[in-house]
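All remarks here apply to the structure that follows.
Bear in mind these aren't lab numbers, they're just calculated from the coordinates by the rules spelled out. Predicted, not measured: the structure shown is a model, and the values here were computed from it. Note that each Cβ is placed from the backbone with ideal geometry, even for glycine, and that neighbours are counted across all protein chains shown.
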Amino acid sequence: MNILVIQQRSPVLKSRKEDFVSNLLEFIEKSGIVSVLFLSGVDLSNRTDTQMFTPTYQLQPRNGPSLSGTALDALTTLPIATYTSPVLQSPHESVQEIGVPFIPGGGLTRRILASLPKNWNIPTASLLQFVLEGDNRADARLFAAVAAKVIGQDVLEWQQPNTWNVGLFGAPHDQTLYG
């Protein structure tokens, strides 16, 4: 299985969000990508009581093709609950109109899934994980393990990036810097 990973490291300018989403979907279509799994965080403080049993959820767009028989087929059998949101992004919308629930802290995930055209024929889904600001190394390992399981990849050992060993959550800063 060939896997392409694209990580968005910085936010898109507010005035360019639609362009970014359009260009991303065009890239996916023109590149011959056969299925897409978007990974995104969800603000932990927005969980409902029933969502406290597991941190990871899935979301499949209404107008997407079936995941059966694709690289994302495991989402149809793994015990990963479907994400729902108890709140609307604005009082004038409904999930039925948009087809994708509000994802607080989810970046462009909702916009991307809601922007899929009606004739979108690439199996698409999203994995969402509730996270809180701070040291998310354990969250990252769990999320990566779930994503690997979904796409049928066995990972024997995850390697933490070297950059995680320095700075905010790694080795302490030289205290002489602070006087």
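By how many nm would the segment from Leu156 to Glu29 grow when fully extended, if each residue of separation counts as 0.36 nm and the alpha-carbon distance is taken off? Please report the intermediate quantities before stating the final value.
On the way: separation 127, 0.36 × 127 = 45.72 nm, distance 3.20 nm.
Result for the pair: 42.5 nm of gain on full extension.
The C-alpha atoms of the chain define a longest principal axis, and helix 17-30 lies at about 70 degrees to it. The slack between Ser68 and Ser22, meaning 0.36 nm per residue of separation minus the straight C-alpha distance, is 13.9 nm.
Among all stretches of the chain without exposed GluC sites (Glu not before Pro) (DSSP loop, at most 11 other Cβ atoms within 10 Å), which one is longest? Mind showing how you got there, number by number?
Details: sites that count: Glu93, Glu133, Glu157.
Counting only loop sites that pass the neighbour cut-off, the longest clear stretch is 1-92.
Between helix 137-150 and the chain there is an angle of about 30 degrees, using the helix long axis and the longest principal axis of the Cα atoms. If both residues of a DSSP beta bridge must be in region 11-131, then about 30% of such bridges are antiparallel.
Entry note, the chain: relative contact order of 31 percent, from Cα contacts under 8 Å with a spacing of 6+ residues.
Here the alpha carbons of region 1-91 define both size measures, Rg and Dmax, at 15.6, 43 Å. Note on region 1-159: percent of Cα-Cα distances in each 10 Å bin, starting at 0 and stopping at the bin with the largest distance, equals 9, 38, 40, 12, 0. Under the combined filter of DSSP loop state and at most 10 neighbouring Cβ atoms within 10 Å, region 5-92 retains these trypsin sites (Lys or Arg not before Pro): Arg9.
Annotation: for a label point projected 7 angstrom from Cα along Cα→Cβ of Ala81, residues of region 50-75 with backbone N closer than 17 Å are 50-60.
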